[in-house]
1. In the stretch 110-125, which residues are in contact (Cβ under 8 Å) with a residue 40 or more places away in the chain and either polar (S, T, N, Q) or not in a loop (DSSP other than H, G, I, E, B) (or both)?
2. If I filter the stretch 19-53 down to residues being modelled with pLDDT under 80 and open to solvent by 70 Å² or more (accessible area, probe 1.4 Å), which single residue comes out as farthest from Glu97 (Cα to Cα)?
3. Which of the residues spanning the stretch 151-163 are open to solvent by 40 Å² or more (accessible area, probe 1.4 Å), outside any strand (DSSP E or B) and under 14 Å from Tyr92 (Cα atoms)?
4. How many residues does the stretch 106-125 contain that are more than 15 Å from the chain's Cα centre (by Cα) and surrounded by 16 or more Cβ atoms within 10 Å (Cβ to Cβ)?
5. Only one of Leu91, Leu78, Leu148 is open to solvent by less than 40 Å² (accessible area, probe 1.4 Å) and not in a strand (DSSP E or B). Can you tell me which?
6. Identify, from the list Leu59, Leu68, Leu85, the residue that is open to solvent by less than 10 Å² (accessible area, probe 1.4 Å) and without any contact (Cβ under 8 Å) to a residue 40 or more places away in the chain.
7. All but one of (1) over 26 Å from Ser35 (Cα atoms); (2) outside any loop (DSSP other than H, G, I, E, B) hold for Ala141; state the number of the condition that does not hold.
8. Please enumerate the residues belonging to the stretch 126-135 that are in a loop (DSSP other than H, G, I, E, B) and either of a type in the set (A, V, I, L, M, F, W, C) or under 12 Å from the mean Cα position of the chain (by Cα) (or both).
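The values are calculated or read from the model by the stated rules, or taken from the named source; none is laboratory data. Owing to the predicted nature of the structure, the values given are computational and were not obtained by experimental measurement. Ideal geometry is used to build each Cβ from the backbone, glycine not excepted, and the neighbour counts take in all protein chains shown. These area figures cover heavy atoms from the full protein model, side chains too; ligands, DNA and RNA do not enter into them. Shrake-Rupley method; radii C 1.70, N 1.55, O 1.52, S 1.80 Å.
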Amino acid sequence: FVTAPWGEPSMTVYRFNPGSSTFSPAGTVNTSMISFEQSVVKEDKAYFFGSTYEEANLLAFSRSNLSLSIASQAPGALGLGTFMLDGDSVLYAGGGEAFNTGYTRQFWKYQLSSGTWYRLNDLPFDCISSSSFNVEGRCYAVAINNVLWEYNPGNDSWDTRSAYPG
């Protein structure tokens, strides 16, 4: 599913069919958010951050009824460009820009079962938007200086892995 247009209060949701390589309208959602970040899919929901220039929220899109809802307000200084990682039964979120104060290194864990945020150790790097990804259950983020970091949830720490050539 994808939405368009960007920054409008009512967005059309399109469903992509990989078999025919086509998009078809699937409904509309309403939101006051103007910016959306990458998503993490859990069962029938996609979780992602949506923000205005003053607030950010963790949003949940349900594919079963094509609804968009606020799962939680963003914790701490998370704002524009917050990245997300899939943490098995949790979501991780961090980095980005705190509103009007520059980059933030805050890193948080969201417990899906309770809807509770937990503050983790701060990031040892600056990172923004969709420069994070998961591979085989491992969490990675690319810092703004092009260094690749891997998150270790066992000891809540980040380790450098490689310089990103891009």
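1. Result: Tyr110, Trp117, Arg119.
2. Across the stretch 19-53, the extreme among qualifying residues is Thr28.
3. The answer is Pro153, Gly154.
4. Final tally of qualifying residues: 3.
5. Leu78
6. Leu59
7. Single failed check for Ala141: (1).
8. Cys127, Ile128, Ser129, Ser130, Ser131
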